[in-house]
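J.: Quick one: structure below, then a few questions.
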Amino acid sequence: MTGNSSRSLKRSSVLVAGMATMLAVGSSLHARWIERGIPADGQFITVEGVRIHYRDAGCGRPIVMIHGLGGQMRNFDYGLLDRLIGKHRLILIDRPGSGYSQSAGTSDIETQARVIAGVIAKLGLHRPLVVGHSLGGAVALALALAHPDHVGRLALICPLTLSQSDRPSAFRALEISSPLIRSLVAQTVATPASLLGRARQAELIFSPDPVPDDFGVRGGGNLISRPRAFAAASADYAMIPSSIGRLEMRYSELKTPTAVLFGRDDAILDPAVHGDRFIGTVPSATLELIDGGHMILVTRPDAVADWISRQASKLATGLAS
């Protein structure tokens, strides 16, 4: 290598390092700004050394709510909390690594289910209704399979239940298998990329329903633009194929009464696969379809709240279906 080439390489390296540092600093400042506008508004509990953020509100039989990929508990708070809080005790949980909860060190579905089982035990909840949305539905299923004494009934909203070869384009940016590269991307380019593509990603996830103008703050959607939130969502995404593969092999063991609700036009998870085909493997499960897409918990809150209340009533009266 000539002297000129060596100097040119050094200058390029310094330039790249400088740009990376600027992006990292900017991303960190943006995360602080986002968190000032969307603060942790719940309580914290430590399970297996993992600090979990949750909200406990209302009175009555408990309902535990587990959000989906890249989400946090405000997804449930947006439209369901006010409609359910008068009759139920609601426990909204930020999954490990999401929202304001610490990571459990690994993102596999079984570990997340174990941590949530610990939350249920520490709060002294007796066989609650467990509501899971999207990836949270898979976590709820893992919870019922591994810790059946912790769950009275499952209410799954647009749940991820089976393996699928075609992965949603809305989450393509999360497809990073290397932990090192994931960390570098999260600390540098993830935040500016998220700011540029956030509106389009939300449109894909909500489709065919419109995205509420205030979802970014009131629904917590803007929290995903933080570096650690992106890293956690990408890690969750990377673990889905292996975790779901293990999970679906055990569905014949599922004894917990299970109800599934889907938006018939869900553009993220096909109701024919994750609804119809799933209940074909779990004969005791039931499926109901309503108008709407993947985010019916936000866009169809009246219908979803009514459905959840019906599942809670069935649990209270001991009905299996």
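J.: Anything in region 280-299 that is surrounded by 24 or more Cβ atoms within 10 Å (Cβ to Cβ) and either aromatic (Phe, Trp, Tyr) or under 23 Å from Ala316 (Cα atoms) (or both)? List them, or say none.
T.: Residue satisfying the conditions is Leu297 alone.
J.: Kindly indicate which of Leu196, Leu154 is in contact (Cβ under 8 Å) with a residue 24 or more places away in the chain and among the aliphatic types (A, V, I, L, M).
T.: The unique qualifying residue is Leu154.
J.: If you don't mind, there's one more thing I want to ask. State which residue is farthest from the chain's Cα centre (by Cα) when the search covers only region 140-163 and only residues that are farther than 14 Å from Thr258 by Cβ and not in a loop (DSSP other than H, G, I, E, B).
T.: The qualifying residue farthest from the chain's Cα centre (by Cα) is Asp149.
J.: Another one. Starting from region 239-264, take each residue that is surrounded by fewer than 16 Cβ atoms within 10 Å (Cβ to Cβ) and list its partners that are assigned to a strand (DSSP E or B) and of a type in the set (Val, Ile, Thr), counting only C-beta distances under 8 angstrom and pairs at least six apart or across chains.
T.: Arg264/Ile290
J.: Can you go through Asp213, Asp166 and tell me which one is surrounded by fewer than 19 Cβ atoms within 10 Å (Cβ to Cβ), at pLDDT below 90 and not in a helix (DSSP H, G or I)?
T.: Unique residue meeting the criteria: Asp166.
Yes/no per residue for (1) within 27 Å of Leu154 (Cβ to Cβ); (2) surrounded by fewer than 16 Cβ atoms within 10 Å (Cβ to Cβ); (3) modelled with pLDDT of 75 or more:
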| residue | (1), (2), (3) |
| --- | --- |
| Leu15 | no, yes, no |
| Met19 | no, yes, no |
| Val25 | no, yes, no |
| Ala31 | no, no, no |
| Phe44 | yes, yes, yes |
| Ile66 | yes, no, yes |
| Gly70 | yes, no, yes |
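J.: Considering only region 198-210, state which residues are surrounded by 15 or more Cβ atoms within 10 Å (Cβ to Cβ) and of a type outside the set (Phe, Trp, Tyr).
T.: The answer is Arg198, Gln201, Ala202, Glu203, Leu204, Ile205, Ser207, Asp209.
J.: Take the conditions out of contact with any strand residue (DSSP E or B) (no Cβ under 9 Å at 6 or more places or on another chain), closer than 30 Å to Leu289 by Cβ and in a helix (DSSP H, G or I) and apply them to Ile205. Does it pass?
T.: Working: out of contact with any strand residue (DSSP E or B) (no Cβ under 9 Å at 6 or more places or on another chain): yes; closer than 30 Å to Leu289 by Cβ: yes; in a helix (DSSP H, G or I): yes.
Answer is yes for this residue.
J.: Taking helices (runs of 4 or more DSSP H) that do not extend beyond region 243-321, which have at least 2 residues that are of a type in the set (A, V, I, L, M)?
T.: In region 243-321, 296-299, 301-317 are the helices (runs of 4 or more DSSP H) which contain 2 or more residues that are of a type in the set (A, V, I, L, M).
J.: Right, here's the next one. How about region 231-265: which of its residues are closer than 14 Å to Phe171 by Cβ and among the acidic types (Asp, Glu)?
T.: Asp236, the sole residue that qualifies.
J.: Another question, if that's okay. For residues in region 268-284 being out of contact with any Leu (no Cβ under 7 Å at 6 or more places or on another chain) and at pLDDT 95 or above, which is farthest from Pro159 (Cα to Cα)?
T.: Looking at the filtered set, the residue picked out is Ala272.
J.: I would also like to ask the following. May I ask you to verify whether Ala229 is within 27 Å of Thr299 (Cα to Cα), under 18 Å from the mean Cα position of the chain (by Cα) and modelled with pLDDT under 90?
T.: Spelling it out, Ala229 is indeed within 27 Å of Thr299 (Cα to Cα), under 18 Å from the mean Cα position of the chain (by Cα) and modelled with pLDDT under 90.
J.: Right, Ala235: modelled with pLDDT under 95, of a type outside the set (S, T, N, Q) and farther than 28 Å from Thr106 by Cα or not?
T.: No.
J.: Continuing with the same structure: Would it be correct to say that Leu154 is in contact with a strand residue (DSSP E or B) (Cβ under 6 Å, 6 or more places away or on another chain) and buried (at least 16 other Cβ atoms within 10 Å of the Cβ)?
T.: For Leu154, the condition - in contact with a strand residue (DSSP E or B) (Cβ under 6 Å, 6 or more places away or on another chain) and buried (at least 16 other Cβ atoms within 10 Å of the Cβ) - is met.
J.: Looking at (1) buried (at least 20 other Cβ atoms within 10 Å of the Cβ); (2) in contact (Cβ under 8 Å) with a residue 40 or more places away in the chain, which one does Arg277 not meet, given that it meets all the others?
T.: Condition not satisfied by Arg277: (1).
J.: Return the residue satisfying two criteria in turn: it lies in region 72-91 and is surrounded by fewer than 18 Cβ atoms within 10 Å (Cβ to Cβ) and assigned to a helix (DSSP H, G or I), and of such residues it is modelled with the highest pLDDT.
T.: Here is the first cut: in region 72-91, the residues surrounded by fewer than 18 Cβ atoms within 10 Å (Cβ to Cβ) are 82-83, 85-87.
Of the ones still in play, those that are also assigned to a helix (DSSP H, G or I) are 82-83.
Numbers: Asp82: 93, Arg83: 96.
Result: Arg83.
The values are calculated or read from the model by the stated rules, or taken from the named source; none is laboratory data. Being a predicted model, the structure only gives us computed values, none of them experimental. All Cβ positions, glycine included, derive from the backbone under ideal geometry; neighbour counts span all protein chains shown.
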